[in-house]
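Heads up, the thing below is written out as C-alpha cells.
The values are calculated or read from the model by the stated rules, or taken from the named source; none is laboratory data. Everything numeric here is computed off the predicted structure, so don't read it as measured data. Positions of Cβ are backbone-derived with ideal geometry, glycine not excepted, and every protein chain shown enters the neighbour counts. What goes into the accessible areas is simple: the full protein's heavy atoms, side chains included, and nothing from ligands, DNA or RNA. Shrake-Rupley method; radii C 1.70, N 1.55, O 1.52, S 1.80 Å.
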Amino acid sequence: MRNKSFIAVVLIVLLPVAGLGWLGVRLLGSERQALEHRTRTLVEAQLLIIDDSIKAYFDAQRSQLLRDIKGLPRDTTALRTYAQSKRLVRQVFVMDARGERLHPPVNAALTEAEQRFLVRSADIWRSRDILYQGAQPPAQEPDLRKTDAMRSDGWYVWHWATETDLIFWQRDAERLIGIELEPARVKADIIGLLPATASNEEHLGPARIQLLDERGALAYQWGELNGGSDATARLLAQRPLSHPLGSWKLAYYAPAANGSAVSGKLGLASAVSALALAIAGLAWYLHREHTRTARLAMQRVNFVNQVSHELKIPLTNIRMYAELLAQQLDGSEERPRRYLDIIVAESQRLSRLILNVLNFGRMQREAVRLHRQAGVIDAAVASALEAFRPALEGKGVQISFTRGAPANAEFDRDALEQILNNLFSNVEKYGSSGARLDVITEQSADHTVIRVRDYGAGIPLRERERVFEAFFRLNSKLSDGVTGTGIGLTIARELARLHGGELRLLESESGAHFEVTLRTAGARA
Amino acid sequence: MKVLIAEDDIHICRGLQDLLESEGYGTIAAGDGEQALALFESERPDFVLLDIMMPKRDGYQVCRDIRRIDAEVPVIFISAKSEEIDRVVGLELGADDFIMKPFGTREVIARIRAVTRRFLRREASPGTVQVLRFGELELFPAELRARRGAEVIELSLRDVRILTLLHKQRGKVVSRDELYDQCWGRTHIPSSRTLDQHISKLRKAIEADPRNPSIIETVHGIGYRYDG
C-alpha cells in the first residue's frame, strides 16, 4: 500500500513538476539564445554605426585632399609650405609617370622631416605598385572595386614602428601626388568621433568598446562594465574597421555575470516551485479525499464484519438446536427430520456466506493466513461434498467422486473447505441443470489437483476470467433470480494462490470445469 | 468425565451441556470468567470448554489461571473470532483445540472425542492397549472406537461405558437401573425412552444385524445382556 502511494505521489507531483522544469529550462535556454542573438545583432549594429562614422571621416578627408591636390602648386617650396600649414598632413610627395621622385626634391637639400619620410617610405620608392595594392579596398565595397590601372586615387596604409601610417595618393598621366597624414592627428580625430558611452541602446546593459590597432594593441577604449572585472568580461562581438583602417578592430565587451539569465532561472525556479506547491496541494487534497473514501469503505467493511460476527451466535444456536432436536427423533419421524435437515443446511449456507464475507474483508486487509496441518485431501473433499449432497441430490444432480489424493499431506483444511464450498455452491446454484457433478482428485509429491465439473449452462468464453473478479456476477437468464454476493470465486482463487496453487476455469464442451491446484508438501501418493 | 463449559450465551451453553451429556459427560456451566475459575477450583473438571469473549474475565485470562492450577487439563477454546491472533494466543496459552462459531454438533463431538482419547490414553497404563472382544467386534475403550473387520466405528463415551459394563457382566442381565447408574449417573434421571433410544442407536452402529442383535440382547422387563 505504501509503495502504491509513493508511486502515485511520484506520478501526480514529481513527474509533472520535473517535466515542467525541464520544459522551462529548455525554454529559458532558447530564450537566452534568442536574447543573445538579439544582443549580438544590436551590438553589431552599434559597431557598424561607429565604423560608418570612421568611414565617413575618411571619405571627408579624401574629398578634402582631392581638392587640396587639385589646387596644389608644383614647386618644392609651395609643397613644403602646404605640408607644414595643414595640421593633418605630415608629408607630401610627388613622383613622375615612371615612378621617379620629384618631391621631396632629388637635387636640393632635404629637410629632416623629408629625410625621415624617405626612410619610412623606402618601399614605395622601390616599387610604387605597392601603393595601388595597399589601396585595395575590401571586397564589400563594389563601387571602389576597380582594377589598379583604372584607379586614380586611393589610400595606402603601412605600419612603421608603432604607428599606422596613412598615405592618400592621386595620380594622372604625368605624375602621382601622395599626402602622408599625421598618425597622431588621425588617431585623435578618430577618437574624437567615437561616442562618449559604449551603449546608447537601453536593451544593452553596461559595456566596454575597445579600438584595437593592427597589432591588436589597445588604441582606445570607452564605456564601463559597472563592477564586472575586465578579466571576466565577455567578448560579445568584434568588427574590423572599413578601409583604409581595415587592419584595426572594434571589440565589444559585456560583463560576465548575465543578470537576465540568473533572474530568468530564479523566475523559472519560483514558477516551478509554485506549480509544484499547487500540484502537491491538489495531490494532498486528492489523497485526503481518497483516504476519506477508503476510511468510509473500511468502516463499511468493519460494519459488515461486525454484523457477520454478531450473526455467528444466533446461527450457532439455530444449527446446534436443530441438530440436537434431530438427535431426539427416532426413525419414524421422517417429516420433522427433513425439516430439521433443511434448517441445518440453511444455517450452514448462512455460515458459508458469513465466512466468505469475513474472509473477503480479511483479504482486503491482507490478513489471511493459512494454517497447514497434516490431513488427507480426499477426506476433506468427501466431507465438503457430503455437506452439499442433500441439496445437490435434491436438485437431481448425480455426484461422482474419483478419489486420487489419499496421502497424508500438509494443507489448510478450512481454506480447502471454503474453496470447495464456493465451487459446490456454484454447481448447486448454476450447474444443476446438467444433473451431474464430477469431482476428481490427483496427487503428486508436492501438489494436489482437484477438478470440479458440472454439465450445466457453463460460463461464456468472454466471461471466463471475469468470473474471478470481485462482485462480478454473470448477467444471464441463468443467474437472474439466483442469490449471490459475487465474491465466492474471488475468495476461492485467492485462497488457492495463498496455498501456493491456482484456481482455473478449464475449457469444456459443456458446463463449468474448475481446477484447483494446491501445493501440498508431504503428499506421497 | 466432568466437563466445565464456560460460555456467556445461555442458549449455546445449555445446548453444549445437552450435547455433552448425550455423549456421556457430566457438565458444569459458568456464565462468566470468574464463575468459570471458581467452578474449576471447586469441581476440578476433567476438561474445559472455554469461550473467549466472556464478561468479567475473558477466556485467555481464565485459561492462564487454569494453567497455574493444573498444567495438564485439556482446554478447548470456543470463539466467534477466527482471526489469526486468537489461534496464536490460544496455542501459546496451551489450548488443546479450537471450535469456531458457528459450529455443528458433529464438529464439537469430534473434537471432544479427540480430547477425551488423549485424556484416556494418559490415564491408561502405558504400553498396553485394552481390547474388549464381542465376537467379531473389537472394542478399544480408550480410543472410543470399535472395529469390525476393516470398518472402524466411532463411539461416544457413553457407548463405551455401556459396552464395557455389558462385557464385564457378560452372560448376566444388566438391569436398566444399573445401566442408568453406571452410564448416566445417579443424579441423572433419564426417561425410559432415552435409554431405549440410545441402545437402539448403539445397535445400529455396532451390530452386524441391528434387527437381530447379538451383542446387546434385550431381556424383556429387566434389562440387557451380552452373551459372549
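Structure notes:
- Selection status of B:ASP18, free of Cβ contacts under 8 Å to residues at least 12 places away in the same chain and not basic (Lys, Arg): yes
- Qualifying residue in the stretch A:70-77 (condition: exposed (fewer than 15 other Cβ atoms within 10 Å of the Cβ) and touching a Lys or Arg at 6+ places or on another chain (Cβ under 9 Å)): yes
- Residue in the stretch B:139-146 that is of a type in the set (A, V, I, L, M, F, W, C), within 14 Å of chain A (Cβ to nearest Cβ) and within 22 Å of B:MET1 (Cα to Cα) present: no
- Filter result for the condition that a residue is assigned to a helix (DSSP H, G or I), out of contact with any Phe, Trp or Tyr (no Cβ under 7 Å at 6 or more places or on another chain) and closer than 30 Å to A:ALA45 by Cβ, over A:LEU275, A:LEU268: A:LEU268
- At least 1 residues being more than 14 Å from chain A (Cβ to nearest Cβ) and open to solvent by 10 Å² or more (accessible area, probe 1.4 Å) is the threshold, and among the strands (runs of 3 or more DSSP E) wholly inside the stretch B:1-65 those reaching it are B:2-6, B:26-30.
- Pick from the stretch B:93-134, criterion of a type in the set (Lys, Arg) and within 14 Å of another protein chain (Cβ to nearest Cβ), ranking: surrounded by the fewest Cβ atoms within 10 Å (Cβ to Cβ): B:ARG106
A quick yes/no check of all residues on (1) of a type in the set (Lys, Arg); (2) in the same structural domain as B:VAL115 (by TED's automatic domain parsing); (3) within 20 Å of B:ARG113 (Cβ to Cβ); (4) at pLDDT below 90:
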{"residue": "B:LEU20", "(1), (2), (3), (4)": "no, yes, yes, no"}
{"residue": "B:ALA30", "(1), (2), (3), (4)": "no, yes, no, no"}
{"residue": "B:ALA38", "(1), (2), (3), (4)": "no, yes, no, no"}
{"residue": "B:GLU41", "(1), (2), (3), (4)": "no, yes, no, no"}
{"residue": "B:MET53", "(1), (2), (3), (4)": "no, yes, no, yes"}
{"residue": "B:LYS56", "(1), (2), (3), (4)": "yes, yes, no, yes"}
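- The criterion of at least 3 residues that are not aromatic (Phe, Trp, Tyr) is met by the following strands (runs of 3 or more DSSP E) wholly inside the stretch B:92-200: B:97-100, B:137-140, B:145-148, B:151-154, B:173-175.
- Looking only at residues in the stretch A:59-82 that are touching a helix residue (DSSP H, G or I) at 6+ places or on another chain (Cβ under 9 Å) and in contact (Cβ under 8 Å) with a residue 40 or more places away in the chain, the one that is farthest from A:GLU174 (Cα to Cα) is A:GLN61.
- Here B:ILE78 fulfils each of the conditions (1) touching a strand residue (DSSP E or B) at 6+ places or on another chain (Cβ under 7 Å); (2) within 11 Å of chain A (Cβ to nearest Cβ); (3) in a helix (DSSP H, G or I) apart from (3).
- Filtered residue count, the stretch A:298-321, keeping only those that are of a type in the set (A, V, I, L, M, F, W, C) and either surrounded by 16 or more Cβ atoms within 10 Å (Cβ to Cβ) or within 11 Å of B:PRO102 (Cα to Cα) (or both): 6
- Qualifying residue in the stretch A:107-125 (condition: under 20 Å from A:ASP189 (Cα atoms) and free of Cβ contacts under 8 Å to residues at least 60 places away in the same chain): no
- One residue from A:GLU100, A:GLU112 being over 29 Å from A:ALA219 (Cβ atoms) and either assigned by TED's automatic domain parsing to the domain that holds A:GLY246 or at pLDDT below 85 (or both): A:GLU100
- Residue list for the stretch A:437-476, filter: part of a strand (DSSP E or B) and open to solvent by less than 40 Å² (accessible area, probe 1.4 Å): A:LEU437, A:ASP438, A:VAL439, A:THR441, A:GLN443, A:THR448, A:VAL449, A:ILE450, A:VAL452, A:ASP454
- For the stretch A:322-361, the set of residues classified as without any contact (Cβ under 8 Å) to a residue 24 or more places away in the chain, buried (at least 19 other Cβ atoms within 10 Å of the Cβ) and within 10 Å of another protein chain (Cβ to nearest Cβ) consists of A:GLU323 only.
- Residue match in the stretch A:403-424 (condition: of a type outside the set (Lys, Arg), within 14 Å of chain B (Cβ to nearest Cβ), more than 30 Å from B:ASP9 (Cα to Cα) and open to solvent by 70 Å² or more (accessible area, probe 1.4 Å)): no
- The single condition from (1) surrounded by 17 or more Cβ atoms within 10 Å (Cβ to Cβ); (2) farther than 30 Å from A:ILE7 by Cβ; (3) of a type in the set (Gly, Ala, Ser); (4) away from chain B (no Cβ under 14 Å) that A:GLY267 fails is (1).
- Test result for A:ALA297, in contact (Cβ under 8 Å) with a residue 24 or more places away in the chain, away from chain B (no Cβ under 14 Å) and of a type in the set (Gly, Ala, Ser): no
- Qualifying residue in the stretch A:192-200 (condition: open to solvent by 30 Å² or more (accessible area, probe 1.4 Å), under 28 Å from A:HIS159 (Cα atoms), at pLDDT 85 or above and outside any loop (DSSP other than H, G, I, E, B)): yes
- Some residue of the stretch A:83-98 being of a type in the set (A, V, I, L, M, F, W, C), out of contact with any Phe, Trp or Tyr (no Cβ under 7 Å at 6 or more places or on another chain) and in a helix (DSSP H, G or I): yes
- Total residues in the stretch A:362-371, condition within 9 Å of another protein chain (Cβ to nearest Cβ) and not β-branched (Val, Ile, Thr): 4
- Within the stretch A:101-111, considering residues that are over 17 Å from A:LEU181 (Cα atoms) and outside any loop (DSSP other than H, G, I, E, B), the one most open to solvent (accessible area, probe 1.4 Å): A:LEU102
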